[in-house]
Amino acid sequence: MTDNATHKLVIIGSGPAGHTAAIYAARANLTPFMFEGYMMGGSAGGQLTTTTDVENYPGFPDGINGPEMMQLFRKQSERFGTQMVAEDVHEVDFSQRPFKVKSENREVMAHSIIICTGATARRMSVPNEEKLWNNGMSACAVCDGALPFFRNQPLMVIGGGDTACEEATYLTKFGSKVYLVHRRDELRASKIMQERVLKNEKIEMMWDSVLVDAVGDEFVTGAKIQNVKTQEESEVPLAGIFYAIGHTPNTQVFREYLDLDETGYIKIKPGTQETNIEGIFAAGDVHDHKYRQAITAAGAGCAAALEAERWLGEKGID
C-alpha cells in the first residue's frame, strides 16, 4: 500500500542507533516513521537481540539481557509517538524528493531519512555454532570477554587481521590463555598489532589452522581445529571462541545511491552523520566499523536526529 502522507523523517533500522534517533526525533515533534526490520541483518532490534548479557552500557549496574534492553529502547520510542512497522526495506528511490522507501507491504515518502541498518557479524557455520552461540561463542570480545564464565579460562580468537589481534590482546586481561587461530602462516594485521600479539606471553599462535567445530553440550568446552597443511585435527579445551573475521554492513539496498567504502560501509562527512545525499543521514554500525558498540551507535543516532531536525528546519519543513 502507498502511504498518502509524506513523513518528515523515516528511520530505517531499530538497533540502539535507530531507537535513539527515534526518541530524539519524536520529542522534537518530527513524528518519525520507523522500519524496524524483520529478517534483514538478523532481526528487528539489531545485534543486541542475539546477545545475552550486556554489562558495559551505562545505567545498568547489574547488566541486562540484550533482547530485554532492546525492548526498553522500543518502549521509549513508542512512548513518544514513533510509528513502527516490523518490515524490511527492499527498495529505495533517492533520486527524487520526497524520497521513496518500500517494503513488501507499503511504500512511504520521506523528506529526510536516517539509515541505521547496522552490520552483521560474519559467521563460519560450523556444526555446533547455532547451538552454542552466546553460550561460549561470540563475535565481540569487547562486548562479552569480561563475562564471569570466561575469566581465568583458556579462550580462542579466529582471524588474522587487526580486529583479531586487538580482540586476542583484550582477552588476555580475562582469560588464562588465548589461542589465536589463523589459516595462514603469517598475520594480515598491521606490523604494530602483529608485534603486540607475538610478544604477548599469554597468546599462543595456531598457524595454518581453521576451526572445524565448537565442542560442548550446553556451553563451549573446547574447539576442534584442523591444520590445513597436514590435515591433522586436534581438540583444544577452552571456555570461549570469538570470531574476528569481519562484519558485513547491511547496505545492499542503498548501493545505487549512497557513497560506500570498499567494504560496503556508508561514508559520512567528517564531523557529521551526513551522507553524500542532502537530507539522508547514517548512524551506528552501518558506517562505524571501528567501535561497533551499543553506546557509540546510540550517540550517533542522537547526532543524526539533531542534524535531521536542523536540516528540516532550514528547509522550512515542519
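Readers should treat all values here as calculations from the given coordinates under stated rules, not as data from a laboratory. The model shown is predicted, which means the values in this text are computed figures rather than measured ones. Ideal geometry is used to build each Cβ from the backbone, glycine not excepted, and the neighbour counts take in all protein chains shown.
In a Debye calculation with equal point scatterers on the alpha-carbon sites of region 253-318 and no solvent, what is log10 I(q)/I(0) at q = 0.24, 0.29 Å⁻¹? Result of the Debye calculation: -1.05, -1.29. Long hydrophobic helices in the chain, taken as whole DSSP H segments with a C-alpha length of 24 Å or more on their own axis and mean Kyte-Doolittle hydropathy at least -0.5: 294-314. On the basis of the beta-carbon distance and an R0 of 35 Å, Lys290 and Arg79 show a calculated FRET efficiency of 0.65.
Output the relative contact order of region 123-243, whole-number percent, from Cα pairs under 8 angstrom with separation of 6+ residues.
Relative contact order for region 123-243 comes out at 31 percent.
Which of the trypsin sites (Lys or Arg not before Pro) across region 214-314 are loop residues per DSSP, with 11 or fewer other Cβ within 10 Å? Show your work: numbers first, answer last.
Details: sites: Lys224, Lys229, Arg255, Lys267, Lys290, Arg292, Arg310; in loops: Lys229, Arg255, Lys267, Lys290, Arg292.
Listed in order of number, the matching sites are Lys229, Arg255, Lys290.
Over the C-alpha atoms of region 54-93, the Rg to Rh ratio, Rh being the Kirkwood estimate, stands at 1.14.
Mind listing which GluC sites (Glu not before Pro) in region 207-303 are in a DSSP loop and have 13 or fewer other Cβ atoms within 10 Å? List each step's numbers first, then the result.
Values: sites: Glu218, Glu232, Glu233, Glu235, Glu256, Glu262, Glu274, Glu278; in loops: Glu218, Glu232, Glu256, Glu262, Glu278.
Counting only loop positions with at most 13 other Cβ atoms within 10 Å, the GluC sites (Glu not before Pro) in region 207-303 are Glu218, Glu232, Glu256, Glu262, Glu278.
Figure legend: label point modelled 7 angstrom from the Cα of Asn105 along Cα→Cβ; residues of region 14-34 with amide N under 16 Å from it are 14, 33-34. Considering every alpha-carbon pair of the chain, the percent of pairs per 20 Å bin, from zero through the bin containing the longest distance, is 32, 50, 17, 0.
With both residues required to sit in the chain, DSSP beta bridges show an antiparallel share near 45%. Only Cα pairs under 8 Å and at least 6 apart count here; give the relative contact order of the chain as a rounded whole percent. Computed value for the chain: 21 percent relative contact order.
Cα convex hull of region 138-224: mean projected area in nm², to one decimal?
On the way: hull surface 21.1 nm².
Taking a quarter of the hull surface, the average projection is 5.3 nm².
Cysteines in the chain lacking any other cysteine Cβ under 4.7 Å from their own Cβ: Cys116, Cys165, Cys302.
Near the amide H of Gly216, within less than 5 Å, lie the amide hydrogens of Thr221, all on another chain or at least 5 residues away, with H placed in the peptide plane.
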